[in-house]
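Heads up, the thing below is written out as structure tokens.
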Amino acid sequence: MGSLFGILALSLGLLLVWGVFAPRAQWRALAAWSVSDPHKNEPGGAAYGWRRFMSALGALGLATVVIATSTAGLFDVKRTIPEPSIIQTMWGSPEPDVVNRVVKPNAALPVGLVEFAVLDYQQFGDEGLPNYLAALDYYQYLGQDAPLGYIGGLPDVGYSGADRADLVVHVRGPILCIPRAAVIRETEETVQIAIYYGLPNDPAGAPVDHTVGCPVDATLTASLLIPLELRAPVGARTVQTLEGADLARVLVPFVPAD
């Protein structure tokens, strides 16, 4: 219940209660000034009885409205909080965009770019890509599909960047920066991954400072899924950061058929 509504309700309630218990005093305080002779023109007992009845009726109505308004939210909490979507269950809110690029294995560390933590990943099996990926928007940088320096390469016509991917990694980076490089190191036991962000290249070729422009503690970030191709399927290998920390695997929730 809003503070303004509460003040108005309290003021009206006090006025109505006053009319119930002391209608004569209320008339003298609020209305006697409007007549030339208050004693001669004072209402009779029947008038005060009617005033008391109407005040009691108003107080009862006001109490009903206040109670209904105050308790309405208690019964509507479950109805007003939407259930998270399958995508939000997996990747959090807001739902991520998909980087529509083909990103192939590369073990070389980039120079001058900023590493951003891979939050988690999802690998694809023999059944192919999960259907939910088609519902996600492709990432754009300020309306551009392919800013200069963007990670990976364009997919073939008729395909998406995820069609030949073995997994996607989940990253959050500054909205004014773009993912520019992925480092992928594969062994028989592990797949180690790092994602690097930077500013788009200047069209005129002027140098840019990625470290200053892409702080790791940026407040405004975008949630992205980046598809990655490997030399071999993930299989039973452990997916890690370059430092050897295991990454959390995100599974597609089971949705029972209707």
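The values are calculated or read from the model by the stated rules, or taken from the named source; none is laboratory data. Bear in mind the structure is a predicted one, so any value in this text is a computation, not a measurement. Cβ coordinates were reconstructed from backbone atoms using ideal geometry, including for glycine residues, and neighbour counts include every protein chain displayed. For the accessible areas, the whole protein counts, side chains as well, though only heavy atoms, and no ligand, DNA or RNA atoms are used. Shrake-Rupley method; radii C 1.70, N 1.55, O 1.52, S 1.80 Å.
Counting only the Cα atoms, segment 100-164 fills a convex hull of 147 Å³ per residue. The convex hull drawn around the Cα atoms of segment 209-258, when projected onto a plane and averaged over every direction, covers 7.2 nm².
Heavy-atom surface analysis with a 1.4 Å probe gives segment 122-258 a carbon and sulfur content of 53 percent of its accessible area.
Among the GluC sites (Glu not before Pro) in segment 165-221, those located in a DSSP loop and surrounded by at most 10 other Cβ atoms within 10 Å of their own Cβ are 188, 189. By the equivalent-ellipsoid construction on the alpha carbon gyration tensor, segment 137-202 comes out with semi-axes of 22, 17, 10 Å, ordered largest to smallest.
Among the trypsin sites (Lys or Arg not before Pro) in segment 191-258, those located in a DSSP loop and surrounded by at most 12 other Cβ atoms within 10 Å of their own Cβ are 231. Across segment 125-258, Cα-Cα pairs more than 27 Å apart make up 27 percent of the total.
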